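K.L.:
I'd like to ask you about the structure that follows.
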């Protein structure tokens with residue numbers, strides 16, 4: 001099959017200099033307040049040069065892509081956070097940054113010259129309504145199919161609309177009535193699922209990547225090469241395809257949606273972008289010294305690229321035109337970065353990992369302007385935060401949410417609270433890179449942000465067996481929590497929730513309109529004859545808001 005011409009030929013390996021973040025040792029004799037940040041020697045000491053007086057020449061292999069090179073410098077490290085007093089002794093007063101381009105009445109205004117960092121709009125009303133009674137019942141639980149002894153099967157994929165809750169099974173996707181769990185349709189796939197879009201289009205379309213055939217009796221996996229686009233409400237297959245043939249078939253992972261484009265990362269094997277309606281190939285990155293590691297979708301499409309061989313990797317982030325693959329800007333990360341992911345695409349916020357174990361965490365956050373310049377840098381101690389980042393994933397972390405000109409994240413549990421340990425949701429201002437005064441305490445629960453709902457932060461709170469779990473809406477001005485749903489505090493509900501590994505690798509959480517759906521991506525055989533395995537459980541608030 002003839003492939004469309006590649007608008008993004010491979011470029012030369014970038015040559016950034018220096019370390020992006022310089023790790024500071026903790027104070028001797030314990031963990032005191034963090035030292036004051038060092039004053040940068042000039043306005044661009046956090047990693048970007050002054051704009052040239054004349055337009056820069058276009059680098060070879062990057063037509064039309066302005067490149068921003070880091071002049072790396074050390075930034076103040078945030079000391080390990082032990083206890084709430086130390087955390088807030090150094091925060092901004094009054095909530096920190098005001099979102100750029102937001103008017104006094106809370107409505108979105110124009111962006112400034114550095115690019116908007118206003119996220120969803122500070123204080124904008126959310127769509128989730130408060131039920132008359134947030135006390136929920138267990139609506140249904142989906143039993144896991146039988147798994148051969150010693151095997152682990154993949155059931156990656158959960159999608160939710162107002163009409164359907166769809167879940168991947170082994171070699172299939174099944175649509176369910178979201179109120180009762182009744183099966184409404186079944187879509188057969190050639191093999192087990194490997195990756196799925198988190199989002200659904202306005203037309204209720206979603207995509208899944210599956211293996212190209214059933215697994216062998218010994219459990220060996222098949223190539224993750226089959227792409228299927230389907231209607232979540234009806235189960236109708238819109239199209240299915242693979243790229244390449246035979247041993248040259250291209251495997252994919254982590255599909256994302258952006259506008260009318262489906263982008264699929266392929267790592268060493270390259271990626272591809274397809275038209276959602278037709279499945280036509282729009283563009284593919286050209287193999288060479290650099291490769292597209294993966295993509296992050298949503299309002300915009302961004303990619304993380306890796307250049308160089310093993311042990312000499314250097315990373316860059318690009319904002320792409322979803323239809324052509326043409327970079328709108330390229331930002332090259334410094335030496336010492338061992339992993340990179342995109343935490344948000346509107347605005348673009350980059351998370352990087354440095355040092356040992358960097359592949360599964362974030363040690364630094366870089367908010368970007370609309371023109372690809374860093375607005376600030378945030379240095380994080382991974383021992384202080386619970387971020388929910390999966391190894392090898394480009395599209396965000398499960399416990400990091402961006403909105404209101406801030407990045408919201410959960411601290412790790414520490415001493416305090418009514419049960420002896422607790423944690424909080426805190427935030428950093430995108431424009432300043434500083435910790436704000438925002439604080440939503442978990443109290444007797446462990447809390448982490450799920451997603452934005454307008455200007456509100458939706459959060460998941462995991463309690464002990466005698467408390468159940470909650471979904472709350474957090475007001476961005478006061479950080480006051482409003483309970484939207486509370487699961488029963490009984491053994492049956494606790495057992496069902498515990499099997500869903502919420503917040504850990506492979507967990508899938510969907511909440512909308514007083515309904516909470518918890519799913520997991522991998523299943524294995526039961527631990528005992530009396531043990532029941534589920535692929536998903538659903539809870540419905542007692543008097544659901546419509």
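K.L.:
Between residue 466 and residue 216, with labels modelled 7 Å along Cα→Cβ, what's the label distance in nm to one decimal, could you check?
P.N.:
5.3 nm
K.L.:
What full-extension length gain, to one decimal in nm, is calculated for residue 338 and residue 138 as 0.36 nm per residue of separation minus the Cα-Cα distance?
P.N.:
That pair, residue 338 and residue 138, stretches by 67.7 nm at full extension.
K.L.:
Something else now. Can you give me the relative contact order of the stretch 67-543 as a percent, contacts being Cα pairs under 8 Å and 6 or more apart?
P.N.:
18 percent
K.L.:
Right, next: Please give the peptides 523-531, 256-264 ranked by average Cβ packing (other Cβ atoms within 10 Å per residue), highest first, as a rough proxy for protection.
P.N.:
The packing order, highest mean first, is 256-264, 523-531.
K.L.:
Largest first, please: the extent of the C-alpha atoms of the stretch 67-543 along each principal axis, to the nearest Å.
P.N.:
Rounded to whole Å, the extents work out to 58, 56, 41 Å.
K.L.:
Considering only DSSP beta bridges where both residues belong to the stretch 67-543, give the percentage that are antiparallel (nearest 5).
P.N.:
Approximately 95 percent, going by the DSSP bridge assignments.
K.L.:
Suppose each label sits 7 Å from its Cα in the direction of the beta carbon; what would the residue 179-residue 130 distance come out to in nanometres?
P.N.:
In this crude label model, residue 179 to residue 130 measures out at 2.5 nm.
K.L.:
Could the peptides 242-252, 464-474, 423-433 be put in order, highest first, of the mean number of other beta-carbon atoms found within 10 Å of their residues? Each step should come with its number before you reach the end.
P.N.:
Numbers: 242-252: 15.2, 464-474: 18.7, 423-433: 24.6.
Taking the mean over residues of other Cβ atoms within 10 Å, the ranking is 423-433, 464-474, 242-252.
K.L.:
Mind checking the full-extension length gain between residue 275 and residue 260? Use 0.36 nm per residue of separation minus the Cα-Cα distance, one decimal, nm.
P.N.:
The span from residue 275 to residue 260 would gain 4.8 nm if fully extended.
K.L.:
With a 10 Å radius around each residue's Cβ, average the other Cβ atoms per peptide and rank 403-412, 475-484, 375-384, 316-325, highest first.
P.N.:
403-412, 316-325, 375-384, 475-484
K.L.:
Right, next: Where in the stretch 410-436 does the amide nitrogen come within less than 12 Å of the point 7 Å from the Cα of residue 444, taken along Cα to Cβ?
P.N.:
Flagged as within label range: 418-420.
Since every read-out is calculated from the coordinates, none of them should be taken as a lab result. Predicted model, so just to flag it, every value in this text is computed and none were measured. Here the Cβ is made from the backbone with ideal geometry for all residues, glycine too, and neighbour counts use every protein chain on show.
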